Amino acid sequence: MKNIRIIALILAVLMVITTFAVFPSCTVKPGGGSGEKGAEIDNYQEGGAYMNADFSRILLTEAEIAGKVREIAGRIDRDYENRQPLMVGILKGSFIFMADLVRAMKTPCAVDFMAVSSYGKGSVSTGAVRILKDLDTSIEGKDVILVEDILDSGLTLSYIIDLMARSKPSSVRICTLLDKPERRKVPISADYPGFGIPDEFVVGYGLDYAEKYRNLPYIAVLSPHIYNS
Ligand code: PRP
């Protein structure tokens, strides 16, 4: 009996030693640094590139976003069986979502991008959009899926859709990761909506404030003191 206890003890010690030998760099970060809700996010990026004081909270974690991207990709796959849609990302905000979405899709697709800038964005928006980069490909007869990071007032997409209609695409659908329906100024809705979100200033996963935060892998609510200062 005593021998069995000694052998068990030796085995336990060996297991601990083996674990540290195989995973020498495994350390537990304080605050669960992977964009978890309520976590201490100042530790997320080494060197403290973004202070947690910039954000009031994490709205959508990496895992939640990844799950939604897979869900949307699955819907597109089902709807576009035997067709090859042209995925059009509206820059810059859509670049990360677009990259993840097309990789999650099984449907063969082509990709293109438009870069636009709206005039008088905000409370006095005219709805006019300036095309900074037009499509490289013709959309005539194509099944176009517009890919946006966020659908807000709807002015940008409604302008783009009106413009595209002149080029006679076979169909145009809208896919957006985030949707703020209460901000809508024109009647437009997404065919593939991701998350409906409240009217708060969100950044990350492509969305910026003054060109910052686009590379965050999660989506956070910006603290008002950042944009009020
Ligand atoms: C954002 C977003 C959409 C647009 C949505 O772009 O990427 O294109 O606003 O807003 P709307 O529904 O009110 O028109 P933004 O102008 O911030 O440029 P960016 O994508 O380069 O960040």
Exercise for the section: Please work out the FRET efficiency for the pair Ser170 and Arg57, using the Cβ-Cβ distance as r and a Förster radius of 35 Å; give the result to the nearest 0.05. Expected result: 0.25
Practice task
Report ³J(HN,Hα) in whole Hz for each residue of the range 79-90, in order, from the Karplus equation J = 6.51 cos²θ - 1.76 cosθ + 1.60 where θ = phi - 60°; Gly and Pro get x.
Solution key: 6, 10, 4, 6, 10, 10, x, 9, 7, 10, x, 9
Exercise for the section: Go through the range 161-168 residue by residue and turn each phi into a ³J(HN,Hα) via Karplus (6.51, -1.76, 1.60, θ = phi - 60°); whole Hz please, and just put x for glycine and proline. Expected result: 5, 4, 5, 5, 4, 5, 8, 6
Fill in the blank from the handout: In order over the range 183-194: 3J(HN,Hα) from phi, Karplus 6.51/-1.76/1.60, θ = phi - 60°, whole Hz, x for each Gly or Pro, gives 8, 4, 10, 10, x, 8, 9, 8, 7, 10, x, x
Practice task
Determine the shape class of the range 61-198: with a ≥ b ≥ c the square roots of the Cα gyration tensor eigenvalues, call it rounded for a/c under 1.5, and otherwise prolate if a/b is greater than b/c, oblate otherwise.
Solution key: oblate
Practice task
Mind listing the long-range amide H neighbours of Tyr205? Cut-off is under 5 Å, sequence gap 5 or more, other chains count too, H placed in the peptide plane at 1.01 Å from N.
Solution key: Leu216, Tyr218
Exercise for the section: Name the long-range amide H neighbours of Val144: under 5 Å, sequence gap of 5 or more, or other chain; modelled H, no Pro or chain starts. Expected result: Leu86, Ser170, Ser171, Val172, Arg173
Exercise for the section: Report the relative contact order of the range 80-178, percent, no decimals, based on alpha-carbon pairs under 8 angstrom and at least 6 residues apart. Expected result: 30 percent
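For a protection proxy built on the mean count of beta-carbon atoms within 10 angstrom, sort 191-198, 154-161 highest first, please.
154-161, 191-198
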Problem - Cut-off under 5 Å, modelled amide H: who pairs with Arg57 long-range - result: Val221
Completion exercise
Here the FRET efficiency for Leu132 versus Arg75, based on Cβ atoms and R0 = 35 Å and rounded to 0.05, is 0.70
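Readers should treat all values here as calculations from the given coordinates under stated rules, not as data from a laboratory. Note that the coordinates shown come from a computational prediction; the quantities given were computed from them, not determined experimentally. In this analysis, Cβ positions are derived from the backbone assuming ideal geometry, glycine residues included, and neighbour counts consider all displayed protein chains.
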